[in-house]
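Chemist: One structure coming up, written as structure tokens, with questions to follow.
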Amino acid sequence: MDHRAILGIDLGTGSAKALVVDRDDGRLLGEASAAYPTHRPEPGAAEQSPDEWWRATIYAVRRAISAAGNPAIDAIGLSGQMHGTVTLDAERRASAPAIIWADQRSALDAIALTEELGSRLIEIAGSPIAPGFQAATIHWMRRVQPERWETTAFALLPKDYIRLQLTGDLVTDPSDASGTLLFDVNRREWSPELMAAAGVDRSQLPDIAPSTARTGTLSRQAGLTLGLLPGIPVAGGAADAPAAALGAGVIRPGELLLTLSSGAQAYTPVNVPAIHASGQLHTFATPFDGSHQVARFYTMGATLNAGLALTWLRDQVLGLTDDDALERISAWAANGPVGSDGLIFLPYLSGERTPLFDTSARGAFLGLSAEHGPDAIARSVFEGISLALFDAWEVVQAETAATPDQIVLAGAGARSLLWPQLIADLFGLPVRVVSGGDQSAFGAAILASSSIGADPVELADRWVRYELELEPDSVAHARYLELKPLFRDAYRANKVIFERLARWRN
């Protein structure tokens, strides 16, 4: 009990993460995680159980607090996967599995909303709509599962379901709300025009509170479940991408954060929401409302298949079940040559967002020969994911004119022995890897501290530390410059085939 501490919780796509940090200096005291599956009951579906989320959160929190030496917790912060939809009945119980961001069944609904709203969609929301975004999911649900929607009293984002379990309150924050495509990114409030198009009533959506605000306190029942005292303040928190940026210290315009998690993102803060005529990028709200001298918005290019592609390689292709399987795959990849000896992997296993916005895009190995072994195959998967992320970044850079002098790298993929150097070589920029545990949970902890009086900008500047700094290799960078157009042409050459296969399968 020597420390006064802060608890940060991140509800990710694959697991719940909890970390405990010292309230004074942000030093990591303990962390833990617990995984849960994604269920795919039909083609295109991606669902998760809110009950499994809560059980994983309980496990991760209790383990993290124990690892930290059971300090007194002064505040709790939340972050979580963006865009997903949890439907609640009138008793505030989850009425069905949650539909998460990777779900592709609302592709037609995303198209319909885009056509109905026209230019107003990006003018209001700052972003094109993609399958799995809450607005598209609700539109799909009303069309395909009307009985479910008729009994839906409330629609929540994933992290806010955890808040409900902690406090009993229905609240979200601007950064997560902006990822629903039901939110006016300029006014920082729910948009009547977007709600009407999706078919959702304002009474079905939670209140919006600042990310740094207290949104309730830990209930007696939740305290007993987690082994914590009731009454601990719970902050508004943030969506996982801006929470990770805060936890990595990337909060000022022109800086670049790359996150490597289940998906991957290229993220740069901006002063004003850009209206991207290309419709390839997302501009969402940061946790900051203008009272701090940092960016209120960020522009992001998002790819759908990063860690998901590695998990696919491990589980579905190689059938590896041992605990260090991903480390073994990374070691194989490290032994492969730059460019994987002429093998290209298209990582679009779940379609793709930036810059393709193509739900029919699929994965492929091109150039595969009898000479390619596990080293080249593993490396091609790492390279294909990274090349897709570079494509997303080039659109971000073109639209924002950002000229970063370094990359801040975060997410589970940043812990790889191979990936940070590969990113440095491909992008041709120095890479700094953030230390201190899961960055989204760390950002949530910073927001929790701000809910009890701390300055989040000062904390980000003082608490964020880096454990690794890498310079690009000029020879490898030149090779990747040659590979980039081949990678892009590989998708273009197969686009029609992907579309025909999608129609044939259906």
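The values are calculated or read from the model by the stated rules, or taken from the named source; none is laboratory data. Quantities reported herein were computed from a predicted structural model and do not represent experimental measurements. Reconstructed Cβ throughout: ideal geometry from the backbone, glycine too, with neighbour counts over all protein chains shown.
Chemist: Looking at ILE452, is it among the β-branched types (Val, Ile, Thr), in a helix (DSSP H, G or I) and surrounded by fewer than 24 Cβ atoms within 10 Å (Cβ to Cβ)?
Modeler: Taking the combined requirement at face value, the residue does not satisfy it.
Chemist: Got a number for residues in region 227-252 being out of contact with any Gly (no Cβ under 9 Å at 6 or more places or on another chain) and surrounded by fewer than 22 Cβ atoms within 10 Å (Cβ to Cβ)?
Modeler: Residues meeting the conditions: 3.
Chemist: Let me ask something else about it. Out of everything in region 458-480 that is among the aliphatic types (A, V, I, L, M) and touching a helix residue (DSSP H, G or I) at 6+ places or on another chain (Cβ under 9 Å), what residue ends up being farthest from PHE427 (Cα to Cα)?
Modeler: It comes out as LEU459.
Chemist: I would also like to ask the following. Being out of contact with any Leu (no Cβ under 9 Å at 6 or more places or on another chain), part of a helix (DSSP H, G or I) and not hydrophobic (A, V, I, L, M, F, W, C) is the filter here, so list the residues in region 455-497 that pass it.
Modeler: Residues satisfying the conditions are GLU458, ASP461, ARG462, SER474, ARG479, GLU482, PRO485, ASP489, ARG492.
Chemist: For ARG415, are the conditions met, namely being out of contact with any His (no Cβ under 7 Å at 6 or more places or on another chain), among the basic types (Lys, Arg), surrounded by 23 or more Cβ atoms within 10 Å (Cβ to Cβ) and modelled with pLDDT under 95?
Modeler: For ARG415, the condition - out of contact with any His (no Cβ under 7 Å at 6 or more places or on another chain), among the basic types (Lys, Arg), surrounded by 23 or more Cβ atoms within 10 Å (Cβ to Cβ) and modelled with pLDDT under 95 - is not met.
Chemist: Out of all the residues in region 216-237, which are in a loop (DSSP other than H, G, I, E, B) and hydroxyl-bearing (Ser, Thr, Tyr)? Full working, then the answer.
Modeler: Applying the first criterion (in a loop (DSSP other than H, G, I, E, B)) to region 216-237 yields 218-219, 227-232, 236-237.
SER219, the sole residue that qualifies.
Chemist: Just give me the residues in region 158-177 being part of a loop (DSSP other than H, G, I, E, B) and more than 20 Å from ILE99 (Cβ to Cβ), in sequence order.
Modeler: Correct list: GLY168, ASP169, ASP173.
Chemist: Now for a separate question. For ARG296, are the conditions met, namely being more than 14 Å from GLY263 (Cβ to Cβ), basic (Lys, Arg), over 21 Å from the mean Cα position of the chain (by Cα) and outside the structural domain of GLY118 (by TED's automatic domain parsing)?
Modeler: Details: more than 14 Å from GLY263 (Cβ to Cβ): yes; basic (Lys, Arg): yes; over 21 Å from the mean Cα position of the chain (by Cα): no; outside the structural domain of GLY118 (by TED's automatic domain parsing): yes.
Criteria not met by ARG296.
Chemist: Need the failing condition index for VAL457 against (1) among the hydrophobic types (A, V, I, L, M, F, W, C); (2) surrounded by fewer than 22 Cβ atoms within 10 Å (Cβ to Cβ); (3) under 29 Å from PRO355 (Cα atoms); (4) under 22 Å from the mean Cα position of the chain (by Cα), just the number.
Modeler: Result: VAL457 passes all but (3).
Chemist: Can you find a residue in region 393-400 that is crowded, with 19+ Cβ neighbours inside 10 Å and of a type in the set (A, V, I, L, M)?
Modeler: yes
Chemist: Let me ask you something else. Only residues that are part of a loop (DSSP other than H, G, I, E, B), out of contact with any Lys or Arg (no Cβ under 6 Å at 6 or more places or on another chain) and more than 24 Å from GLY443 (Cβ to Cβ): list them for region 188-204, please.
Modeler: Across region 188-204, the qualifying residues are SER191, VAL200, ASP201.
Chemist: Out of the residues in region 390-417 that are in contact with a helix residue (DSSP H, G or I) (Cβ under 8 Å, 6 or more places away or on another chain) and of a type in the set (A, V, I, L, M), state the one that is nearest to PRO273 (Cα to Cα).
Modeler: ALA402
Chemist: Quick check on region 188-196. Is at least one of its residues surrounded by fewer than 24 Cβ atoms within 10 Å (Cβ to Cβ), more than 28 Å from SER119 (Cβ to Cβ) and either in contact with a Pro (Cβ under 8 Å, 6 or more places away or on another chain) or not assigned by TED's automatic domain parsing to the domain that holds ALA56 (or both)?
Modeler: No, region 188-196 has no match at all.
Chemist: Take ALA130 and tell me if it is modelled with pLDDT under 95, in the same structural domain as GLN221 (by TED's automatic domain parsing) and either in contact with a Lys or Arg (Cβ under 6 Å, 6 or more places away or on another chain) or under 20 Å from LEU218 (Cβ atoms) (or both).
Modeler: Values: modelled with pLDDT under 95: yes; in the same structural domain as GLN221 (by TED's automatic domain parsing): yes; either in contact with a Lys or Arg (Cβ under 6 Å, 6 or more places away or on another chain) or under 20 Å from LEU218 (Cβ atoms) (or both): yes.
In short, yes.
Chemist: Could you tell me whether region 191-198 includes any residue that is farther than 21 Å from VAL396 by Cα and polar (S, T, N, Q)?
Modeler: Yes.
Chemist: Moving on. Of the numbered conditions (1) at pLDDT below 95; (2) surrounded by fewer than 21 Cβ atoms within 10 Å (Cβ to Cβ); (3) not in a loop (DSSP other than H, G, I, E, B), ILE122 satisfies every one except a single condition; which is it?
Modeler: (2)
Chemist: How many residues does region 125-157 hold that are part of a loop (DSSP other than H, G, I, E, B) and under 30 Å from LEU229 (Cα atoms)?
Modeler: Of the residues in that region, 1 qualify.
Chemist: Would it be correct to say that PRO97 is free of Cβ contacts under 8 Å to residues at least 60 places away in the same chain, touching a His at 6+ places or on another chain (Cβ under 8 Å) and surrounded by 16 or more Cβ atoms within 10 Å (Cβ to Cβ)?
Modeler: Details: free of Cβ contacts under 8 Å to residues at least 60 places away in the same chain: yes; touching a His at 6+ places or on another chain (Cβ under 8 Å): yes; surrounded by 16 or more Cβ atoms within 10 Å (Cβ to Cβ): yes.
Yes: the conditions hold for PRO97.
Chemist: Mind listing just one residue for me: the one in region 7-35 that is within 16 Å of VAL464 (Cβ to Cβ) and among the small types (Gly, Ala, Ser) and, of those, nearest to the chain's Cα centre (by Cα)?
Modeler: GLY8
Chemist: Go through region 281-306 residue by residue and tally those that are over 17 Å from GLY443 (Cα atoms), in contact with a strand residue (DSSP E or B) (Cβ under 7 Å, 6 or more places away or on another chain) and in a loop (DSSP other than H, G, I, E, B).
Modeler: Residues meeting the conditions: 4.
Chemist: Can you spot a residue in region 166-181 that is more than 19 Å from ALA5 (Cα to Cα) and free of Cβ contacts under 8 Å to residues at least 24 places away in the same chain?
Modeler: Among the residues of region 166-181, not one is more than 19 Å from ALA5 (Cα to Cα) and free of Cβ contacts under 8 Å to residues at least 24 places away in the same chain, which makes the answer no.
Chemist: On to the next question. Tell me, please, whether a residue that is farther than 25 Å from SER360 by Cα, at pLDDT 90 or above and not hydrophobic (A, V, I, L, M, F, W, C) can be found in region 301-317.
Modeler: There is no residue in region 301-317 that is farther than 25 Å from SER360 by Cα, at pLDDT 90 or above and not hydrophobic (A, V, I, L, M, F, W, C).
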